[in-house]
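One structure is given here, and the rest of the page talks about it.
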Amino acid sequence: MVNLTIDGTQVTVPKSFTIYQAAEQIGIKIPVLCYAKKLLPFGACRVCLVEVEQMKGRLIPSCTTPVTEGMVVTTSSDEILKVRKTVLEFLLVNHVIECPVCDKGGECELQDLTYELEVVTNRFVGEKFDHPTDESNPFIERNMNRCVLCGRCVRVCDEIVSYGSYSFVERGFETKIATAFDRGLDCEFCGQCVSMCPVGALLPRPFKFKARPWQLKHVDSVCGYCGNGCTVTFGVKDNQVQTIRFNDKNGVNDGNLCIRGRFGYSYVNSDQRLTRPLVRKNGELVEADWEEALTAVAEGMNRGKGTGIISGARLSNEEFLLLKEVAAAAGTTNLDHSGGECYKGLTEGVQQVLGLSASTGTFPQVEDADVILSIRSDFYETHPVFGMVVNQAVKRAGAKLLVVSDKKGKFTKLPNAETLLGKPGTEVNILNAICAVLLESGKAVTEGVAGLDELKQSLTDYAPARVAEQTGVSVEAIEAAAEQLAAAEKGAILLGYGLSYTANSRELGIAAANLALLSGLADQDEAGLYVCGEKANSQGAIDLGILPGESGLGVQAMLDAAARGSLGALYIVGEDPLTSFPDGAKVEAALKGAEFVVVQDLFLSPTAQAADVVLPAASFAEKDGTFTNAERRIQRLRAGIKSPGEALTDFAIFASLLEKLGAAASAATPGETFAGLGRLNDAYAGIDLNAIGPQGVVWGGEHLQPKVRNLVPVSGREPLTTRYQLITGSALYHSGTTTTHAKGPLEAVPEPYVELSREDAAELQLAEGDQLRIKGNGAEIRLKAKIGARLPKGVLFAPNHFPGTGLNRLYKGEAAVVVELNK
Amino acid sequence: MIKEFIQGLSITFKHLLPGHSTTVQYPKVKLQPSDRFRGLHRLVPSHDRAKCVACYLCPTVCPAKCITVESAENEKGEKYPRVYQIDLLRCIFCGYCVEACPVEAIEMTGNYELANYHRDDFVFDKQRLLNTK
């Protein structure tokens with residue numbers, strides 16, 4: 001700790017602090033333009049100059065100068081103010097003054113400073129900038145005439161997003177921020193630069209001229225897309241979410257968002273939303289009132305053959321509780337959620353080994369991890385903002401990143417990243433091989449661990465040399481990975497999961513947990529094993545047990561039973577299985593076979609079109625409640641807008657349906673319901689809803705210690721040896737099927753595609769954008785080809801978000817599908 | 001006492017003589033208000049459109065909340081008011097909107113004859129405000 005005096009006040013701060021941070025701690029505000037809390041100090045704007053007694057003769061930039069013992073700092077004097085004013089005058093020489101039409105006006109840091117320091121005239125004259133505006137993409141408008149060259153965009157894109165779109169070009173007065181070859185912005189469009197820009201140089205295009213900042217009502221909520229659970233702040237005007245505001249005070253995402261969170265909100269305002277219940281009459285879905293629709297639902301569920309309930313994983317915890325009550329009232333134990341296909345298996349695997357069904361640590365703990373193992377490079381695509389934490393760990397803390405994956409991706413390009421590129425579906429083999437090396441070399445932590453002998457026995461099949469031959473990963477890479485994991489003081493294993501990865505989920509959970517135990521990661525005080533569900537409340541669904549009850553059927557069993565005609569009714573909430581589930585043919589047969597199908601959704605999805613009753617539900621922006629994210633953090637959702645037409649929240653629909661079924665909801669509002677969650681999971685008991693602050697509450701505490709330490713032998717699988725194999729997964733720009741209704745993600749990736757390697761494309765004489773016929777599993781589909789360097793030879797990748805592609809006719813839940821290709 | 005009485009009344013009677021009245025025979029006679037009078041608003045045109053850039057400062061400053069602005073982007077990519085409307089029934093003619101305008105797009109004229117028959121007629125839209133003389 002270091003003692004110093006700032007403006008006559010004594011302060012003691014850690015020696016890593018800068019003068020600016022020390023002043024901030026005692027509430028002294030030093031003006032800044034280029035400083036940002038989450039970025040490394042830069043010292044570009046010279047607005048934060050202060051006087052230091054020991055360094056007399058010149059002014060010192062407070063944001064880059066570390067504190068030293070006995071420092072005496074003055075943050076404000078006539079001289080300092082004069083200099084700050086001059087700095088502003090310099091900035092304003094070239095800066096175009098178009099505040100009235102600049103969307104930043106009202107929250108512009110340059111405008112605020114100019115006002116605060118009363119810079120009303122300028123002693124200097126010069127030419128105003130006249131750069132063309134970059135409108136080459138639909139998301140971010142770049143107007144370099146307004147730029148103050150603070151470099152925040154350059155730094156955030158490099159340090160946090162790790163994309164590196166921007167750079168300073170030219171020198172002196174000509175200096176500007178430009179993209180590669182000044183060709184305009186073409187990146188992953190996460191919009192971090194927009195949120196960081198202190199002026200109006202970078203602005204969100206969807207929000208252009210929509211409102212002034214002071215007109216927006218701010219509502220803090222949680223993003224409804226992936227399991228990352230980023231907090232978002234809606235900017236609401238005229239009962240519409242106009243934009244997502246920058247807010248780094250809430251949550252654990254530091255104000256970071258991905259394209260889905262920042263630009264994917266528009267589906268809530270969509271005019272395609274369902275506004276009235278629909279009931280099938282004479283083969284047609286016609287509008288009806290709630291009374292009629294709910295009566296029909298209650299009747300359909302009571303017809304005798306039994307009901308199966310399939311839920312999505314984007315319902316709030318409170319709605320899950322009510323859904324369980326609906327299931328009880330309908331007398332069925334056939335209850336499952338879409339994660340029952342995939343994420344459930346993962347948590348069960350981890351449960352067997354560690355006695356836990358959730359991540360052991362929290363996201364920020366990874367920021368200073370020293371070794372990170374990401375299983376599947378897709379992790380950045382399924383959980384981009386957690387991916388940004390990994391970026392920071394790698395780039396700032398120098399963490400070693402290991403990627404076990406079947407294709408390359410963002411992670412594999414990071415410095416210090418070692419990719420163990422294996423054949424599709426062989427992740428378990430590779431993890432087993434790493435375990436084998438750990439045990440062989442005697443570096444494994446085996447104290448107090450059960451099942452060691454059985455594991456050792458089973459691992460004889462996974463000697464590195466053999467696995468190397470099987471998967472194509474080199475023996476040295478496996479050995480090096482094992483060594484690094486064993487040496488890790490603060491390691492993390494990341495495992496992201498989604499509907500498109502249903503194969504091996506349980507096995508992968510076990511293998512990863514085995515490795516976490518043997519490498520000692522599970523017994524660290526922080527970080528450890530992260531199991532991350534695909535959707536916003538996947539963890540909540542597991543925690544609250546939206547799973548088959550005693551003798552109840554799971555998703556697959558329900559679909560089978562319905563297809564056979566032995567299940568009377570199917571009640572599908574917030575999911576479009578026809579598009580998103582593997583084996584679409586089975587889902588179609590189930591929808592046909594079931595006597596009665598209810599779909600509760602925002603849009604008339606392909607599944608809803610096949611339903612007998614369609615109930616219009618509310619989006620995440622329209623409801624109160626809580627989500628539990630992939631690090632067990634319970635965060636509050638708040639309604640920002642009203643639902644369109646007669647659409648109701650899932651909570652309200654369940655409550656009315658309970659009445660129709662002759663029962664009553666256990667509580668009247670989501671707020672009251674929260675207290676009841678403790679009945680379903682002990683970890684939720686004792687948490688007070690009102691105590692859930694801006695940072696949420698992590699159930700079980702910041703770190704979970706393993707409850708058991710059972711090594712479980714697990715077998716991998718032989719990779720396919722065919723010429724071509726197809727894998728599915730998530731594209732960075734989309735999440736589930738919902739984003740296909742959102743303008744932002746759709747503009748980035750408007751249509752389905754299949755990605756393949758340059759080699760394969762050359763062999764097939766295929767050009768970018770050509771149609772490719774893919775045959776496999778007795779079905780044939782056509783997709784547009786996208787050629788890239790991500791995939792190894794023989795592997796094709798198709799994202800699973802788009803309805804109508806028929807992708808799930810091919811993909812029936814395998815790790816990889818054998819396919820034949822034709823032009 | 002009677003003397004003072006007559007004196008006083010003579011002043012009164014003097015005012016009754018022709019040419020001494022201050023009453024203006026409105027509407028036959030109309031007074032010209034001073035330049036700083038705050039009457040009906042006028043949107044200043046500039047070339048083919050209103051000068052207004054839809055910055056929302058006037059509705060923000062308006063104490064009576066009588067101004068409605070909706071901004072949009074025109075073909076040239078400029079910000080313009082798609083809707084600009086003043087509800088004169090609410091307006092208190094304080095002139096803050098004129099003061100707030102950064103581009104001098106709104107002015108107040110000397111027009112004080114604002115009576116009308118229907119409530120709707122008191123809502124001045126963009127075109128009417130542009131036509132104000």
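The values are calculated or read from the model by the stated rules, or taken from the named source; none is laboratory data. All figures in this text were calculated on a predicted structure; none of them were measured in a lab. Cβ: placed from backbone, ideal geometry, glycine included. Neighbour counts: every protein chain shown. Only protein heavy atoms, including side chains, enter the accessible area calculation; ligands, DNA and RNA are left aside. Shrake-Rupley method; radii C 1.70, N 1.55, O 1.52, S 1.80 Å.
Within the range B:67-96, the only residue that satisfies the criterion of being assigned to a loop (DSSP other than H, G, I, E, B) and among the polar types (S, T, N, Q) is B:ASN74. Scanning the range A:255-264 for any residue that is within 14 Å of chain B (Cβ to nearest Cβ) and outside any loop (DSSP other than H, G, I, E, B) turns up nothing.
Across the range A:734-753, the qualifying residues are those that are touching a Lys or Arg at 6+ places or on another chain (Cβ under 7 Å) and not in a loop (DSSP other than H, G, I, E, B), and the one among them that is surrounded by the fewest Cβ atoms within 10 Å (Cβ to Cβ) is A:TYR753. What are the residues in the range A:810-820 that are more than 25 Å from the chain's Cα centre (by Cα) and open to solvent by less than 20 Å² (accessible area, probe 1.4 Å), if any? Across the range A:810-820, the qualifying residues are A:LEU810, A:VAL817, A:VAL819. In the set (1) away from chain B (no Cβ under 14 Å); (2) open to solvent by 20 Å² or more (accessible area, probe 1.4 Å), A:ASN228 fails one condition alone, (2).
Filtering the range B:45-66 to residues that are open to solvent by 20 Å² or more (accessible area, probe 1.4 Å), within 14 Å of chain A (Cβ to nearest Cβ) and either touching a Pro at 6+ places or on another chain (Cβ under 7 Å) or assigned to a loop (DSSP other than H, G, I, E, B) (or both) leaves B:LYS51, B:VAL53, B:LEU57, B:LYS65. Regarding A:ALA585, is this residue on the phi < 0 side of the Ramachandran plot, open to solvent by 10 Å² or more (accessible area, probe 1.4 Å) and of a type outside the set (Asp, Glu)? Spelling it out, A:ALA585 is indeed on the phi < 0 side of the Ramachandran plot, open to solvent by 10 Å² or more (accessible area, probe 1.4 Å) and of a type outside the set (Asp, Glu). Only one of the numbered conditions (1) within 14 Å of another protein chain (Cβ to nearest Cβ); (2) outside any loop (DSSP other than H, G, I, E, B); (3) free of Cβ contacts under 8 Å to residues at least 40 places away in the same chain is violated by A:ALA211, and that is (2).
Just to be sure, is A:LEU657 over 16 Å from A:LYS623 (Cβ atoms) and assigned by TED's automatic domain parsing to the domain that holds A:ALA296?
Spelling it out, A:LEU657 is indeed over 16 Å from A:LYS623 (Cβ atoms) and assigned by TED's automatic domain parsing to the domain that holds A:ALA296.
Being of a type in the set (D, E, K, R) and open to solvent by 20 Å² or more (accessible area, probe 1.4 Å) is the requirement here; does A:ARG155 meet it? In short, no.
Counting just the residues of the range B:72-101 that are open to solvent by less than 40 Å² (accessible area, probe 1.4 Å) and on the phi > 0 side of the Ramachandran plot, which one comes out nearest to the other protein chains (Cβ to nearest Cβ)? Per the stated criteria, the residue is B:GLY77. When the test is whether a residue is open to solvent by 30 Å² or more (accessible area, probe 1.4 Å) and more than 24 Å from the chain's Cα centre (by Cα), A:THR460 passes it.
Note on the range B:102-117: residues that are of a type outside the set (Gly, Ala, Ser), within 14 Å of chain A (Cβ to nearest Cβ) and open to solvent by less than 30 Å² (accessible area, probe 1.4 Å) total 1.
Looking at A:LEU59, A:LEU81, can you tell me which residue is surrounded by 16 or more Cβ atoms within 10 Å (Cβ to Cβ) and more than 14 Å from chain B (Cβ to nearest Cβ)?
On the way: A:LEU81 fails: surrounded by 16 or more Cβ atoms within 10 Å (Cβ to Cβ).
Of the residues listed, the single one that is surrounded by 16 or more Cβ atoms within 10 Å (Cβ to Cβ) and more than 14 Å from chain B (Cβ to nearest Cβ) is A:LEU59.
In the set A:LYS217, A:LYS281, A:LYS237, only one residue is open to solvent by 10 Å² or more (accessible area, probe 1.4 Å), more than 30 Å from A:GLY498 (Cβ to Cβ), of a type outside the set (Ser, Thr, Tyr) and within 14 Å of chain B (Cβ to nearest Cβ); that residue is A:LYS237. Contact map, the range A:120-141: residues that are closer than 14 Å to A:GLY200 by Cα and modelled with pLDDT of 90 or more paired with residues that are in a loop (DSSP other than H, G, I, E, B) and open to solvent by 70 Å² or more (accessible area, probe 1.4 Å), Cβ distance under 8 Å, separation 6+ or inter-chain. Pairs shown: A:GLU141/A:GLU135.
On inspection, A:ILE634 fails the criterion of being buried (at least 19 other Cβ atoms within 10 Å of the Cβ) and assigned to a helix (DSSP H, G or I). Name the single residue, out of those in the range A:195-207 being part of a loop (DSSP other than H, G, I, E, B) and out of contact with any Gly (no Cβ under 9 Å at 6 or more places or on another chain), that is surrounded by the fewest Cβ atoms within 10 Å (Cβ to Cβ). Per the criteria, the residue is A:VAL199.
Restricting attention to the range B:122-131, does a residue exist that is out of contact with any strand residue (DSSP E or B) (no Cβ under 8 Å at 6 or more places or on another chain) and either touching a residue at least 24 places away in the same chain (Cβ under 8 Å) or assigned to a loop (DSSP other than H, G, I, E, B) (or both)? Give the derivation first.
Step one: of the range B:122-131, the residues out of contact with any strand residue (DSSP E or B) (no Cβ under 8 Å at 6 or more places or on another chain) are B:127-128, B:131.
Going one step further and asking which of them are either touching a residue at least 24 places away in the same chain (Cβ under 8 Å) or assigned to a loop (DSSP other than H, G, I, E, B) (or both), we end up with none.
No, every residue in the range B:122-131 fails to be out of contact with any strand residue (DSSP E or B) (no Cβ under 8 Å at 6 or more places or on another chain) and either touching a residue at least 24 places away in the same chain (Cβ under 8 Å) or assigned to a loop (DSSP other than H, G, I, E, B) (or both).
Among the numbered conditions (1) part of a helix (DSSP H, G or I); (2) within 28 Å of the chain's Cα centre (by Cα); (3) more than 14 Å from chain B (Cβ to nearest Cβ), the only one that A:ALA298 does not meet is (2). Looking across the range A:682-700, the residues that are open to solvent by 30 Å² or more (accessible area, probe 1.4 Å) and assigned to a loop (DSSP other than H, G, I, E, B) come down to A:ALA685, A:GLY686, A:ILE687, A:ASP688, A:GLY693, A:PRO694, A:GLN695, A:GLY700. Residues in the range A:336-374 that are touching a Ser or Thr at 6+ places or on another chain (Cβ under 9 Å) and within 25 Å of A:PRO745 (Cβ to Cβ): A:HIS337, A:SER338, A:GLY339, A:GLU341, A:CYS342, A:TYR343, A:SER374.
Is one or more of the residues making up the range A:413-420 outside any helix (DSSP H, G or I), in contact (Cβ under 8 Å) with a residue 60 or more places away in the chain and among the β-branched types (Val, Ile, Thr)? First the steps, then the outcome.
The initial filter retains those residues of the range A:413-420 that are outside any helix (DSSP H, G or I), namely A:414-420.
If we keep only those that are in contact (Cβ under 8 Å) with a residue 60 or more places away in the chain as well, we get A:414, A:418, A:420.
Add one more test, that the residue is among the β-branched types (Val, Ile, Thr), and what stays is none.
There is no residue in the range A:413-420 that is outside any helix (DSSP H, G or I), in contact (Cβ under 8 Å) with a residue 60 or more places away in the chain and among the β-branched types (Val, Ile, Thr).
Across the range A:779-809, what is the total count of residues that are open to solvent by 40 Å² or more (accessible area, probe 1.4 Å) and either within 19 Å of A:TYR501 (Cβ to Cβ) or without any contact (Cβ under 8 Å) to a residue 24 or more places away in the chain (or both)? The number of residues fulfilling the criteria is 4. Looking only at residues in the range A:87-115 that are open to solvent by less than 40 Å² (accessible area, probe 1.4 Å), β-branched (Val, Ile, Thr) and more than 35 Å from the chain's Cα centre (by Cα), the one that is farthest from the other protein chains (Cβ to nearest Cβ) is A:VAL87. For the range A:364-392, residues that are touching a residue at least 40 places away in the same chain (Cβ under 8 Å) and in a helix (DSSP H, G or I) total 14.
Filter the range A:301-331 down to the residues that are assigned to a helix (DSSP H, G or I) and out of contact with any Ser or Thr (no Cβ under 8 Å at 6 or more places or on another chain) and list them by number. I'd like the intermediate steps shown before the answer.
Of the range A:301-331, the ones assigned to a helix (DSSP H, G or I) are A:301, A:317-329.
The answer is A:LYS324, A:VAL326, A:ALA328, A:ALA329.
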